[in-house]
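Engineer: Right, I'll just put the structure down here and ask away after.
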Amino acid sequence: MARQRPIRWHIAVFLAPAVLVYSAIMILPLFSTLNLSLFTRTADGTAFVGLDNFRTLFGDPRWSAAFWNALGNNLWFFAVHMLVQNPIGILLAALLSSPRLRFSAFYRTAIFIPTILSFVVVGFIWKLILSPLWGIAPGMLDMVGLKGLFAPWLGKEEYALTTLALISVWQFVGIPMMLIYAALLSIPDDIIEAAEMDGITGWSQFWRIKLPLILPAIGIISILTFVGNFNAFDLIYVSQGALAGPNFATDILGTFLYRTFFGFQLQLGDPHMGATIATAMFGIILVGVCIYLFGIQTRLRRYQF
């Protein structure tokens, strides 16, 4: 009878191809980008400059102004999602998890559908809706007597970024909703029954019983929101173009990276400075994830069901 191999051997055989694929797709490009950021172009080809590109990005006024503007816009883009998208997602999940709500499956599907739409479709449709010339937004506001509130929101510096962030919220609110909904359904029935026996029902039950139990899920959603928003690019590019107008008011790190790396119109592309921006983005995301993992997640109370 053949000797059975240990289960660890089978796990290793299964994981080896996955590790190779992950390394080829993620690790090697990452180190290639880091390596590219340490060089610059010269008349004879490329030359090693160490951290000079980072000093240029953070210290040279020609680069630093654009970088800090893009970073500030990225922070605001993320803040809108955290303060609007995630609370709305939690509220919708709490409402849809109620056993008394009829047609909850229809509502979940309707709210989640925008998530699967293309960025190109979403950006183009909302540009048509908000257009002051042929959009339907002025007419809809006029029907309810609020036409005076309409403004070319995508064309004004003070409104454009917030408008795009809210469009993104509309598209992706279904993701936190579904994740929180799944977390609420995973709460054991005996806990809910015990709360009801103590007279804790309705919204009081949600705030006192359910919310503490889903805090780990809310933490995961928060970090996914952070990573996703600092990698944002598509909606801004589709709606406002590579120049992220008006007057770079909607410029984020993704569009700044695109213009720098590939060039745009009269601006020549610089792969080395583009890689420097990409490395800075990676560092920002890494710091944010580490703060969450070591500063927040370890303090979240876990419940064993």
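Engineer: Name every residue in region 78-135 that is farther than 23 Å from I223 by Cα, of a type in the set (S, T, N, Q) and either surrounded by 17 or more Cβ atoms within 10 Å (Cβ to Cβ) or modelled with pLDDT of 95 or more (or both), in order of residue number.
Structural biologist: S97
Residues are listed down the side, and each one gets a yes or a no for (1) farther than 22 Å from I175 by Cβ; (2) of a type in the set (K, R); (3) in a strand (DSSP E or B); (4) open to solvent by less than 20 Å² (accessible area, probe 1.4 Å):
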| site | (1), (2), (3), (4) |
| --- | --- |
| E196 | yes, no, no, no |
| T225 | no, no, no, yes |
| L243 | yes, no, no, no |
| F261 | yes, no, no, no |
| I277 | yes, no, no, yes |
| I285 | no, no, no, no |
| L293 | no, no, no, no |
| I296 | no, no, no, no |
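Engineer: Separate question: Could we say that A70 is in a strand (DSSP E or B) and more than 30 Å from W203 (Cα to Cα) here?
Structural biologist: no
Engineer: Oh, and also: Residue under question is T163, and the condition is that it be exposed (fewer than 15 other Cβ atoms within 10 Å of the Cβ), in contact with a helix residue (DSSP H, G or I) (Cβ under 9 Å, 6 or more places away or on another chain), closer than 30 Å to S104 by Cα and of a type in the set (V, I, T); does it hold?
Structural biologist: no
Engineer: Which of the residues spanning region 199-221 are touching a residue at least 60 places away in the same chain (Cβ under 8 Å), of a type outside the set (A, V, I, L, M) and either surrounded by 18 or more Cβ atoms within 10 Å (Cβ to Cβ) or not in a helix (DSSP H, G or I) (or both)?
Structural biologist: Across region 199-221, the qualifying residues are F206, K210.
Engineer: Taking the condition more than 30 Å from L179 (Cβ to Cβ), open to solvent by less than 10 Å² (accessible area, probe 1.4 Å) and touching a helix residue (DSSP H, G or I) at 6+ places or on another chain (Cβ under 8 Å), does A249 pass?
Structural biologist: Here the answer is no, as A249 does not meet what is asked.
Engineer: Name the pairs whose Cβ atoms lie under 9 Å apart, with the first residue in region 149-172 and over 20 Å from F248 (Cβ atoms), the second in a helix (DSSP H, G or I) and β-branched (V, I, T), and 6 or more positions between them or separate chains?
Structural biologist: Short answer, once both residue conditions are applied: V169/V80; V169/V84; V169/I88; W170/V122; Q171/T115; Q171/V122; F172/T115; F172/T225.
Engineer: Pick from P87, P114, P99, P61: which is of a type outside the set (A, V, I, L, M, F, W, C) and in contact with a helix residue (DSSP H, G or I) (Cβ under 8 Å, 6 or more places away or on another chain)?
Structural biologist: After applying the criteria, what remains is P114.
The values are calculated or read from the model by the stated rules, or taken from the named source; none is laboratory data. Remember, it's a predicted structure, so these values are computed and weren't measured experimentally. Heads up, the Cβs are rebuilt from the backbone with ideal geometry, glycines too, and the neighbour counts pull from every protein chain shown. For accessibility, only protein heavy atoms count, side chains too; no ligands or nucleic acids. Shrake-Rupley method; radii C 1.70, N 1.55, O 1.52, S 1.80 Å.
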